[in-house]
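Enquirer: Input: one structure, supplied below.
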Amino acid sequence: MKTIVTTLNAKYIHMNLALRYLKAYAEPEFSVEMVEFTIKDPIENVVINLYQRNPDVIGFSCYIWNIEETIKVIQMLKKVKPNVKIVLGGPEVSYESTYWLQRLKEVDVIVRGEGEGTFKDLLFAFHNHEPIDQIQGIAYRKDGSIKINPPRPYLKLKDHPSPFRFKEDIDQFPNRTVYIETSRGCPFQCQFCLSSIEVGVRFFDREKIKNDLRYIMAKGAKNIKFVDRTFNISRKYAMDLFQFIIDEHTPGTVFQFEITADIMRPEVIDFLNKNAPPGLIRFEIGVQSTNEWTNELVKRKQDFEKLSRTVTLIKSGGKIVQHLDLIAGLPEEDYKSFRKTFNDVFALRPEELQLGFLKMLRGTGLRNDAKKWDYVYRDDAPYEILQNNVMTFDEIIRIKQVEDVLDKYWNQHRMDATIEYLVTQVFETPFDFFQQFGTFWESKGWSKIGHQLEDLFTRLAQFLQKDKKEHHPIALSLMKFDYLSRLKLKPRKIWWEDGTTKEERVTIYEQFRRWDLQEPFKNLTERDWMKKGYAIRTPFDLYYYLRTKNIIWKDHYILFYFDGKGNCEYVQINGGH
């Protein structure tokens, strides 16, 4: 019996953990072949690939990001291979299974919830031509009606085989994101999240996890993401693995964890700040909303004051990148309230801030109670909201405009000094800057076209020239500084109009030669300056501004030197010296 497990990943770099669990658990009794595609692969190509493998059973791992494409694959595949057994599993089909079986006549069985044991039992039944009506955790058809069997008891995770020891994966580890989990379940009850459905938290064997980490690092894994819903729910467990990662990580490896920040103890943060190498660890922190009434309505327990303290302490260490999440469209959070939520969280200056929109996931309490708040949402996955009783579709559109420029101009850190100036001294609040710029961006049609790095600067300059002319000279100087200071090679062409002549560049060289500057400027020859140097004139003391956020109007030069080896050095001198 030829068995395949497959899925359509959102991106090629993602290694689907579920397929590897299913394969590991089915062995040694059954040989299972893993085949991964992406949602961008042509449907016909996916079908041809699967068809030519001549499977008897295919298991599809289904999620909100791939269900629509997966359906097309199933429907086409069943037409050309009608006898193949189609089994669906995953969070998108585990709930409302009756709906899926009614909609998809091509599907034979749906695995509901934790799938390893259930899928293996199905393989035994298919192999032995036995009935499946006694298998726990499935939905199926029998005699023209849909049957839903009782749920399966949870697995004993400490006995679970490793999902990482397959020969076909060895070459994959260095170039893809490797997902790993040390626990299943979540202690919280957030009504917008599927994790709230499983009561309690179960842990895998800690030593097995360490052995798996040693193995995948030895095979070259560089990006390892833990998918535990709350990695730090057990302080002792988390500290043990943090210590292990610090002690045994291979250079260049990055570990990402999803944590609950308001329960993170200060001594844990202190330990990480003192011992973790810079860049080794990334934290993803779900804030979602700072509106207390909203959080209460969705049964989300969160102490924003403690969360803020944790984020601030971690940031002060300078070792760990923090990615904070917000959700627009939660119950009773209107546009004004979401503006406050955004500003509350942006005030923490996380390295990354992701603005998402509520998705009415099947099986969640919020979807079940959607009528209570007049939710209108998309019929197809990912079931994103369109409006509710306190937020109109127009307001959703405006927040989406914020999302677009937030990612380009804050999360990418291409012009930090400029953005800091704009959100603190030009616009009333950070949200207002991103909102107004986002609306301008959309009005120009830029969201529909691509962009180069230089385009981001020229488009911001165009926006400021239109609406904030009085601030344009300072912002333009900061943009030039941000642009040049992040380059590794001297640009052949700049995005602003520079009327500096060769004679003026020589004058600048002669001027800074009179200063007692550090290397590489101290002994820089005129030839090297003309070839590898660049200067911008600023109408204010830029260094003083960066230190104090105060403006002193006096001409200065910022000198940049690109050594041709990927390094850029810069220094400021008095323009009137």
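Enquirer: Which entries in Lys225/Lys299; Lys490/Lys522; Lys156/Lys301; Lys222/Lys319; Lys236/Lys306; Lys400/Lys490 show an alpha-carbon gap greater than 25 Å?
Expert: The answer is Lys225/Lys299; Lys156/Lys301; Lys400/Lys490.
Enquirer: Using alpha carbon centroids, what distance separates region 509-529 and region 293-349, in Å?
Expert: Spelled out, the Cα-based centre of one part sits 48 Å from the other.
Enquirer: Any chance you could run the full-extension gain for Ser316 through Thr548? It's 0.36 nm times the residue separation minus the Cα-Cα distance, nm to one decimal.
Expert: That works out to 81.7 nm of additional length.
Enquirer: How are the Cα pair distances of region 248-340 distributed, in percent, across 5 Å bins from 0?
Expert: Using 5 Å bins, I get a P(r) of 3, 12, 22, 21, 15, 12, 8, 5, 2, 0 for region 248-340.
Enquirer: Counting only C-alpha contacts under 8 Å and six or more residues apart, can you give the relative contact order of region 8-59 as a whole percent?
Expert: Here the relative contact order equals 40 percent.
Enquirer: Let me ask something additional. Which peptide among 249-262, 513-526 comes first, and what is the full order, when sorted by highest mean count of other Cβ atoms within 10 Å?
Expert: Ranking, from highest mean packing down: 249-262, 513-526.
Enquirer: Of the listed peptides 563-575, 93-105, what is their order by residue-averaged count of other C-beta atoms within 10 Å, with the highest listed first?
Expert: Those peptides, ordered most packed to least, come out 93-105, 563-575.
Enquirer: So what is Rg over Rh here for region 363-472, counting just Cα atoms and using Kirkwood for Rh?
Expert: When Rh is taken as the Kirkwood radius, the ratio is 1.07.
Enquirer: Work out, step by step, the length gained on full extension between Asp416 and Lys236: first 0.36 nm times the residue separation, then minus their alpha carbon distance; give nm to one decimal.
Expert: Fully extending the segment from Asp416 to Lys236 adds 61.1 nm.
Enquirer: Note down the relative contact order for the chain as a percent, whole number, built from C-alpha pairs under 8 angstrom at least six residues apart.
Expert: 8 percent
Enquirer: Could you list, bin by bin from short to long, the percent of Cα-Cα pairs of region 1-147 in 5 Å steps?
Expert: 2, 10, 21, 25, 23, 14, 4, 1, 0
Enquirer: Can you give me the orientation-averaged projected area of the convex hull built on the Cα atoms of region 517-577, in nm²?
Expert: If you wrap the Cα atoms of region 517-577 in a convex hull and average its projections, you get 4.6 nm².
Enquirer: Please state the charge dipole magnitude for region 191-305, taken about the Cα centre, from unit charges on C-beta atoms (+1 on K and R, -1 on D and E), reported in debye and rounded to the nearest 20.
Expert: 400 debye
Enquirer: Check the straight Cα-Cα distances from Lys142 and name the lysines below 30 Å, setting aside those fewer than 8 residues away within the same chain.
Expert: Leaving aside lysines fewer than 8 places away in the same chain, those within reach of Lys142 are Lys2, Lys23, Lys72, Lys78, Lys79, Lys81, Lys85, Lys105, Lys120.
Enquirer: I want to check the label-to-label distance for Glu68 and Asn574. Put each point 7 Å from Cα in the C-beta direction and report it in nm to one decimal.
Expert: Reported label-point gap for Glu68 and Asn574 is 6.3 nm.
Enquirer: Evaluate the charge dipole of the chain about its Cα centre and quote only its size in Debye, nearest 20, assuming +1 on the Cβ of each Lys and Arg and -1 on the Cβ of each Asp and Glu.
Expert: Here the size comes out at about 780 debye.
Enquirer: Taking only the alpha carbons of region 72-190, what extent do you get along each of the three principal axes, in Å, biggest first?
Expert: The Cα atoms of region 72-190 stretch 46, 37, 33 Å along the principal axes, largest first.
Enquirer: Taking the C-alpha atoms of region 294-349, how large are the radius of gyration and the largest Cα-Cα span, Dmax, in Å?
Expert: 12.6, 37
Enquirer: Which of the GluC sites (Glu not before Pro) found in region 482-512 are in a DSSP loop and have at most 12 neighbouring Cβ atoms, other than their own, within 10 Å?
Expert: Glu497
Enquirer: How big is Rg to Rh over region 445-577, alpha-carbon atoms, Rh as the Kirkwood inverse-mean-distance radius?
Expert: Rounded to two decimals, Rg/Rh equals 0.98.
Enquirer: A further question on this structure: What does the helix-only formula give at 222 nm for the chain: each DSSP H stretch with n ≥ 4 adding -39500 (n - 2.57), the total divided by the residues, and the result rounded to the nearest 500 deg cm²/dmol?
Expert: Mean residue ellipticity, 222 nm, calculated: -11500 deg cm²/dmol.
Enquirer: Region 227-318: which trypsin sites (Lys or Arg not before Pro) are DSSP loop and have at most 16 other beta-carbon atoms within 10 angstrom?
Expert: For trypsin sites (Lys or Arg not before Pro) across region 227-318 that sit outside H, G, I, E and B with at most 16 neighbouring Cβ atoms in 10 Å, the list reads Lys299, Lys301.
Enquirer: At 0.36 nm per residue, minus the direct Cα-Cα distance, what do Glu168 and Thr250 gain on full extension? Give it in nm, one decimal, please.
Expert: Full-extension gain reported as 27.3 nm.
Bear in mind that the values in this text are calculations on the coordinates, not laboratory data. All of these numbers come straight from a predicted model, not from anything done at the bench. Backbone-built Cβ (ideal geometry, glycine too); neighbour counts: all protein chains shown.
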